[in-house]
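Working notes, structure below.
The values are calculated or read from the model by the stated rules, or taken from the named source; none is laboratory data. These numbers were taken from a predicted model, which means no experiment stands behind them. So basically every Cβ, Gly included, is an ideal-geometry build from the backbone, and we count neighbours across all protein chains shown.
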Amino acid sequence: MKCSNKKEVKIVPSIYIVLLAIFVTNIFVNIELIGSEEPIHFSHFLPNIVVLLLAFYVHKIGVSFEFDNDGETLNLKNNGVFFSKFMEYRVKKAEFPKRKLAKFKFQDYFFYSAVKIYISSRRRRGFKTYSFNTTFLNKKKKRKMLASLEKIVENNELQKEQLPKRKLENEFQDVTKNNLKNPGRPA
């Protein structure tokens, strides 16, 4: 299953432009106020501060998200939106076999959502974690993605449970084969 938020994210550059226009307009208003005899208060700079905070927030959440679990690998990718037609920037990418997905957490706050995945490794103890911003992904796609991840994690847990049984069966078969080959010698 593939899903992405390319359509939803198209609005982000427009939001950047509107915030920039508001910021520049407020700068000119503040310059006019400085030239006048009226005293300058903190409230004159408050709109610019709010616009800067909004711009930072939009910059933080304004990334595209792509999810692909077709085949044997799991692909997750975040990419910046503003210059994405020309170059890849702010890229966060994870591509790994499905069997390595140990668990995941989905964080959904009112203004921000993210999926955090934990990848197991043979060489290192513990997990390697990645966090991907899924704020602009609609609810239907989020549900499908989470159901898919849950299914992968369940399959991985079943395989881990069956692995010790297979090892015991293989060892038992090896011992019986050795006994059949050499009936007089103990294994």
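Remarks
- Qualifying residues in the range 114-129 (those that are modelled with pLDDT of 90 or more and surrounded by 17 or more Cβ atoms within 10 Å (Cβ to Cβ)) - the one farthest from the chain's Cα centre (by Cα): I119
- Total residues in the range 89-100 satisfying the condition of being touching a Leu at 6+ places or on another chain (Cβ under 9 Å) and either at pLDDT below 90 or of a type in the set (K, R) (or both): the figure is 4.
- Those residues of the range 1-34 which are of a type in the set (S, T, N, Q), part of a helix (DSSP H, G or I) and either surrounded by 12 or more Cβ atoms within 10 Å (Cβ to Cβ) or touching a Phe, Trp or Tyr at 6+ places or on another chain (Cβ under 6 Å) (or both), in sequence order: T25, N26, N30
- None of F42, F86, F111 is loosely packed, with under 11 Cβ neighbours inside 10 Å, modelled with pLDDT under 90 and closer than 16 Å to F132 by Cα except F111.
- Looking across K77, K144, one residue alone is of a type in the set (K, R), closer than 17 Å to N5 by Cα and in contact with an Asp or Glu (Cβ under 9 Å, 6 or more places away or on another chain). It is K77.
- Residue among V58, V81 that alone is surrounded by 11 or more Cβ atoms within 10 Å (Cβ to Cβ) and in contact (Cβ under 8 Å) with a residue 60 or more places away in the chain: V81
- Strands (runs of 3 or more DSSP E) contained entirely in the range 50-160, each with at least 1 residues that are in contact with a Pro (Cβ under 9 Å, 6 or more places away or on another chain) and not charged (D, E, K, R): 73-80
- Only one of the numbered conditions (1) closer than 24 Å to K160 by Cα; (2) over 14 Å from the mean Cα position of the chain (by Cα); (3) among the β-branched types (V, I, T) is violated by V81, and that is (1).
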